[in-house]
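**Q** Structure incoming, see below.
Every number in this text was worked out from the coordinates using simple rules, so none of it is lab data. Bear in mind the structure is a predicted one, so any value in this text is a computation, not a measurement. FYI the Cβ positions are ideal-geometry reconstructions off the backbone, even for glycines, and counts take in every protein chain you see.
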Amino acid sequence: MIDLRSDTVTKPSKQMLEAMVNAELGDDVYSEDPTVNKLQMKCAELTGKDRALFVPTGCMANQLAVKAHTNMGDEIICEAESHIFNYETAAPAVISNVLVKQVVGTDGYFNVDDLAKAIRPPEYYFPKSALMCLENTHNRAGGSIIPIDVIKELTSFAAENGLKRHLDGARIFNASVETGISVKEYASHFDTISFCFSKGLGAPVGSILCGDEESITKAHKWRKILGGGMRQAGVLAAAAIYALDNNIERLKDDNARAKRFAEGINGVNGIKVDPAKVESNIIIFESTQIPKEELIKRLKEKGVLISSGSYDFLRIVFHLDVNDDDLEIALDAFRSL
């Protein structure tokens, strides 16, 4: 079965498993797991931040950032299709007791004029605009990469208006290898940045939140409150370290295969896709003749798994467990339908 549903479906390689088996362990709730400590220091250095905190999931990393930067009754500003708003089970309301102001963007981001309109006036009867969150790459926008000039403009304006800035960088390394812009450069424009080890980097579990001392101290406390203290977590941190050391540059292959696949299905009757919109490892497309659920079913019968995207769209994601032969087999499956 060729699994193109997500880059979260990858299995650890033999080398990664060996690193996990050989990890030096301690109790991370006491901050005594040497492998977790090594990972956190490595990520802090990688992003240019004071500290980093290893957490089980990207959702937790994002929500710890929201908690660290807000008070009850505040409001955060997100692009309307962002992961934080759509896929984290109303967590900003449940955990931080904040409102989410949705700003409709293009290709996963909004402009400064849109941001200016979203920031609340200072009158006491309005919620306080406390935090702006961006997502790079942007999942529901088809893995789009926010241009660095846009990031600089938005974060500068947010800072001038008293907003903290968080980057949901779940797939930031896909953006980095594609643009040549370092993760440290991306991170420098934000107070906190999170990214996942369990997506394109190929680790089985885990994400990281990086930021200033005060934010990570608060996040550390709330990680415990939310049940994120993982004791001998070095066995997972070792996989993340291996991923950072070995699986970043190869993300170029995933990005390239996604573009190649989009071009391949672009000529298939009944498929609507814009290859020019494919900027990283995600393809968002429409099926104009076969209903989406039926297409998913019929492709599965041919040994290809894809996922249902938002609205009328479908999604394909390339990752390290998909090679060139798999790509051609998947293309043939599409063409046969």
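**Q** Starting with the fewest neighbours, write out MET41, MET132, MET60 ranked by other beta-carbon atoms found within 10 Å of each beta-carbon.
**A** Working: MET41 12, MET132 29, MET60 23.
Ranked by crowding around the Cβ, least crowded first: MET41, MET60, MET132.
**Q** Under the definition of Cα pairs under 8 Å and six or more residues apart, what whole-number percent is the relative contact order of the chain?
**A** Relative contact order, the chain: 26 percent.
**Q** Express the relative contact order of the stretch 95-191 as a whole percentage, based on alpha carbon pairs under 8 Å and six or more residues apart in sequence.
**A** Computed value for the stretch 95-191: 26 percent relative contact order.
**Q** Shape of the stretch 14-246 from its Cα gyration tensor (a ≥ b ≥ c, root eigenvalues): rounded if a/c is under 1.5, otherwise prolate when a/b > b/c, or oblate?
**A** Prolate shape, in that a/c is at least 1.5 and a/b is the bigger ratio.
**Q** With just the Cα atoms defining each centre, how far is the stretch 228-249 from the stretch 177-216? Give it in Å.
**A** Spelled out, the Cα-based centre of one part sits 14 Å from the other.
**Q** Per DSSP H run of at least 4 residues, take -39500 (n - 2.57); add these up for the chain, divide by its residues and hand me the 222 nm value, nearest 500 deg cm²/dmol.
**A** -12000 deg cm²/dmol
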